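K.L.:
Please find one structure pasted underneath; my questions will follow.
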Amino acid sequence: EDLRIERAAVAREDRVRGVPGPRVFGGAGGAANAALWSFKQAGAKAIVFARDVAKASALAERFGAQQSPLEKASFKGFDVVVNATPLGTVGQLSDETPAVASQLRGAGLVYDLVYNPTDTRFLREGREAGCRTLGGLAMLVAQAAEQFKLWTAATPMDGVMEEAASRELGLMVNGRNI
């Protein structure tokens, strides 16, 4: 069920869904699995980059994707680069990133599945490289909505999940701190 919820959450993200070209995934765990499944369903070509080559190879093979080592990778020409690792998450990993601006230059969209903090180093590196960026809060909110539907068979009201997530993360919604 968890993977189904993550797949649905990734598939619902409009800014990623309509991008047809090559996509790159940093990571080889559950979030990378869900993202790769969603994008392969959309017919996108994908390459998995990860520090753990064995896990990356297994994930790539499962979905008929390519695999490449993350070290010294260049993402120029890729439409979407996804961070599906915990790198950048609040705590000991907050200053880490799977890719820097020089690697991201020439990519279209940098999508970080990390949602806390909402502005990760990976996103900052993407902006520095001239890429469009998308943070993980959208996926978190979509996951919450899918879980709500799964448990209650009802669709949550628009904005409720985002407001709740934003409140817990101490963010601003509609110009006010909630």
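K.L.:
Give me the accessible area per residue for the stretch 72-137, probe 1.4 Å, as a whole number in Å². Each step should come with its number before you reach the end.
P.N.:
Working: 2890 Å² over 66 residues.
Ligands and nucleic acids excluded, the result is 44 Å² per residue.
K.L.:
What percent do you get for the relative contact order of the stretch 60-178 when only Cα pairs under 8 Å and 6+ apart count?
P.N.:
Values: 192 pairs, mean separation 21.7, N = 119.
After rounding, I find 18 percent.
K.L.:
A further question follows. How large, in percent, is the carbon and sulfur part of the accessible surface of the stretch 77-178 at a probe radius of 1.4 Å? Intermediate values should be presented prior to the final figure.
P.N.:
Values: 2640 of 5210 Å².
Carbon plus sulfur share of accessible area: 51 percent.
K.L.:
Taking a spot 7 Å from the Cα of Arg132 along the direction of its beta carbon, which residues of the stretch 77-110 have an amide N less than 18 Å from it?
P.N.:
Counting backbone N atoms under 18 Å from the label point, the list is 77-83, 104-110.
K.L.:
I would also like to ask the following. Could you check the simple spin-label distance between Ala101 and Val160, using points 7 Å along Cα→Cβ, in nm with one decimal?
P.N.:
In this crude label model, Ala101 to Val160 measures out at 4.3 nm.
K.L.:
Suppose each label sits 7 Å from its Cα in the direction of the beta carbon; what would the Phe148-Asp119 distance come out to in nanometres?
P.N.:
2.7
K.L.:
Would you give the gap between the C-alpha center of the stretch 36-90 and the C-alpha center of the stretch 109-153, rounded to a whole Å?
P.N.:
Each part reduced to its Cα centre gives a spacing of 17 Å.
The values are calculated or read from the model by the stated rules, or taken from the named source; none is laboratory data. Remember, predicted model here, so these are calculated numbers, not experimental data. Note that we place each Cβ from the backbone using ideal geometry, even for glycine, and neighbour counts take in every protein chain shown. For the accessible areas, the whole protein counts, side chains as well, though only heavy atoms, and no ligand, DNA or RNA atoms are used. Shrake-Rupley method; radii C 1.70, N 1.55, O 1.52, S 1.80 Å.
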